[in-house]
Structure formats: C-alpha cells, structure tokens
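Let me begin by presenting the structure, written as structure tokens, before commenting on it.
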Amino acid sequence: MKNKLMWWSVRAWLCALVAVSTFALAPAPALAQDPGDDDDEGDLEPPPDYEASDEGETSGGEESPPPPVATPTPPPPANTVVLDGPGPAPSPPARTRPALVSGLRKPSDRYDPHVGFQTLFFVSGHPTDLYTGVSFSAQFHVAQKWSFSLDGRFGGGLDRDDDNYLHSLGTFGLSGYHWFRGDQERRRLQPYVRLGFGGLWLPDEHFDDGSHDDDDDDDWDKKSSRNLKKNGAPAAGHSSSYLEEAAGVRLVLFPRLWYLAVGGTFDLELALVQDNHYGITDSSLKLSLGFTLYF
C-alpha cells in the first residue's frame with residue numbers, strides 16, 4: 001500500500017513538471033512585444049482571404065471608361081522658330097474716337113475722286129493777242145487712271161500785234177485724262193496728261209487805240225458795241241474748232257473734309273492750243289492754275 005501511494009506521488013510531480021515546462025516554452029503573446037520593435041512591420045501580409053479589387057471595375061461592379069487618349073501636338077510649320085515661354089502678352093484693344101454724330105462715320109482719308117468740279121484761271125499767249133480768262137470743267141473718273149471732262153473756257157484779249165483790234169473768245173469741248181498715279185490713293189501728287197478737242201467761238205473784233213479822248217470816230221470807249229472788223233466766221237478753208245495737248249500735276253490739299261466726303265486739290269497745267277479758226281499754225285501756249293473740289 002505504501003509503495004502504491006509513493007508511485008502516485010512521483011507521477012503527480014512529473015505531470016506538474018511537464019505543465020510548467022510547457023508554459024515556459026510557449027511563445028510570448030503579441031501584446032507582450034516591446035513598443036520599440038518596428039522591424040517586423042514590413043513583413044506583415046494581408047489575410048489569406050484578401051483579394052485586390054480589379055482596376056477595370058468600379059465599386060459597383062461596372063466597368064469604368066478607358067482613360068482619354070492625349071492628342072499629339074502638331075509640328076510647327078516649316079521655316080519657323082519655336083520659342084519657349086508663354087508668348088507675347090495680348091495687346092490692349094485699340095481706342096477709337098466716338099463719332100460726333102451717332103451713326104455718322106468719318107470718310108476714309110485717301111484720294112478717291114468720282115465726280116469733280118474744276119476752276120482754272122489761264123493766260124494764253126496767242127500770236128496776235130494775249131488772252132486771259134477762266135475755264136470750268138466737270139470731271140468724271142470712270143477708273144482710277146482714266147477720266148474725262150466737259151470743258152468751258154471764256155476770256156478776253158489784249159492787243160499784241162499793234163493793229164488796235166481785239167476780241168474775246170469762248171470754247172466748249174471734251175477732254176480725256178490719264179492719271180499716272182491714280183491707283184496710288186495715298187499719293188498727294190497726281191501727275192496727268194490731257195487731250196482736249198472742241199468748238200471755238202470768236203465774236204466780232206473791236207478797235208482800241210489806247211486813247212481816252214471823246215472822239216468816237218477812232219475809239220470805242222463810249223460805245224463798246226461798235227464793231228469795226230468782222231471776223232466771227234473762220235478763215236477760208238478752216239473750221240471753228242480747237243485742239244489742245246496738256247500736261248499737269250495735281251496737289252491733293254485734303255482727301256476728305258472733316259465728316260464730309262469732299263476733297264480739294266490745287267491744279268497746275270501747261271497746254272499747247274491750236275485754234276483752227278485761223279489755221280493750225282496759230283498755236284498758243286496756255287498756262288492754267290486753280291482748284292478742284294471732288295466727291
């Protein structure tokens with residue numbers, strides 16, 4: 001009996017020793033780890049049941065649209081230089097003056113005539129008499145370099161050949177112009193050539209010896225209608241016509257006047273005039289100067 005009790009005591013000690021050894025050799029719990037040990041954080045792995053979500057699907061299970069494709073930048077044109085940077089800053093808007101009257105636009109400041117009215121004062125050196133007077137023309141510009149005009153000329157004569165006879169004259173005709181710079185609307189000098197033709201009218205001559213006495217027999221101071229020589233008709237074999245060739249220059253004083261579509265010029269002209277009333281050899285040199293208003 002005593003041996004049996006001793007056997008159970010030894011057996012109980014062995015079981016207690018095994019239990020203590022097992023507890024001492026067991027791994028320490030995770031909570032017992034020191035807070036400074038962070039070396040094992042990179043070794044953590046997700047749980048086995050974790051699966052990464054598909055990139056082509058949204059959270060609702062639907063497929064997301066593909067990302068937009070970038071449009072390639074076209075190459076620069078040939079023979080160009082591409083500069084770095086944002087480029088020049090945008091220029092500020094141009095300032096414009098408000099119109100003086102609402103709805104009224106100021107005409108362009110350029111030489112662009114359509115219809116003009118010219119007044120010229122002339123001196124004409126005829127072989128027999130010296131004529132002075134004024135001429136009027138209505139000009140029509142059918143193109144930038146071509147125009148025509150209707151011309152009228154009126155003047156009186158001064159005796160040059162000492163025959164004491166003089167008379168006035170009148171002409172009416174048509175002229176054609178060629179403007180060398182008519183298409184250059186910014187030019188202030190406009191040279192031209194002109195060719196004119198028309199009819200010549202010469203009234204009866206009057207006698208004047210230059211005296212101022214009261215003798216009516218040899219002077220017409222008191223009776224200016226007294227006719228001493230009839231030459232209203234052309235000479236035999238000739239006609240009452242004239243022909244002239246002229247060259248001139250026009251100086252544009254103002255292409256447009258204020259808000260009015262009116263321009264003004266100064267004109268200077270030198271012409272050779274043939275009066276067929278006396279024959280083609282009776283030519284005169286005519287110098288004219290004056291002004292033109294055009295629209």
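The values are calculated or read from the model by the stated rules, or taken from the named source; none is laboratory data. This is a predicted model, so every value here is computed, not measured. Cβ placement follows ideal geometry from the backbone for every residue including glycine, while neighbour counts extend to all protein chains displayed.
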* Can you pull out the residues in the stretch 134-146 that are in contact with a Ser or Thr (Cβ under 9 Å, 6 or more places away or on another chain) and either crowded, with 19+ Cβ neighbours inside 10 Å or modelled with pLDDT under 95 (or both)? -> Ser135, Ser137, Gln139, His141
* Asked: Which residue pairs have Cβ atoms closer than 7 Å, lie 6 or more positions apart in sequence or on different chains, and pair a first residue in the stretch 190-207 that is under 24 Å from Asp267 (Cβ atoms) and touching a residue at least 60 places away in the same chain (Cβ under 8 Å) with a second residue that is among the basic types (Lys, Arg) and part of a strand (DSSP E or B)?
  -> Gln190/Arg250
* Asked: When you look at Leu120, is it under 27 Å from Phe254 (Cα atoms), without any contact (Cβ under 8 Å) to a residue 60 or more places away in the chain, surrounded by 14 or more Cβ atoms within 10 Å (Cβ to Cβ) and out of contact with any Lys or Arg (no Cβ under 8 Å at 6 or more places or on another chain), yes or no?
  -> no
* Asked: If you check Arg181, Arg187, which single one turns out to be in contact with a Leu (Cβ under 9 Å, 6 or more places away or on another chain), in a loop (DSSP other than H, G, I, E, B) and either at pLDDT 90 or above or at negative phi (or both)?
  -> Arg181
* To do: Return a yes/no flag: does the stretch 203-216 have any residue that is touching a His at 6+ places or on another chain (Cβ under 6 Å), hydroxyl-bearing (Ser, Thr, Tyr), within 23 Å of Thr132 (Cα to Cα) and at pLDDT below 95.
  => no
* Residues within the stretch 242-295 that are closer than 16 Å to Gly176 by Cα and either hydrophobic (A, V, I, L, M, F, W, C) or without any contact (Cβ under 8 Å) to a residue 40 or more places away in the chain (or both), tallied -> 8
* **Residue list for the stretch 89-125, restricted to those being at pLDDT 75 or above and either within 21 Å of the chain's Cα centre (by Cα) or assigned to a loop (DSSP other than H, G, I, E, B) (or both)** => Arg105, Lys106, Pro107, Ser108, Asp109, Arg110, Tyr111, Asp112, Pro113, His114
* Structure fact -> Ser284: passes all of (1) of a type in the set (Ser, Thr, Tyr); (2) more than 19 Å from Phe172 (Cβ to Cβ); (3) out of contact with any Pro (no Cβ under 7 Å at 6 or more places or on another chain) but (2)
* **Hey, Arg250 buried (at least 19 other Cβ atoms within 10 Å of the Cβ) and within 30 Å of Arg105 (Cα to Cα) or not** => yes
* Asked: Are there any pairs with C-beta distances below 8 angstrom linking a residue in the stretch 140-157 that is assigned to a strand (DSSP E or B) to a residue that is modelled with pLDDT under 95 and among the charged types (D, E, K, R), with the two at least 6 apart or on different chains, and if so which?
  -> Gly157/Asp129
* Structure fact -> The condition of being modelled with pLDDT of 90 or more, within 15 Å of Tyr242 (Cβ to Cβ) and of a type in the set (A, V, I, L, M) holds, among Leu174, Leu200, Leu169, only for Leu174
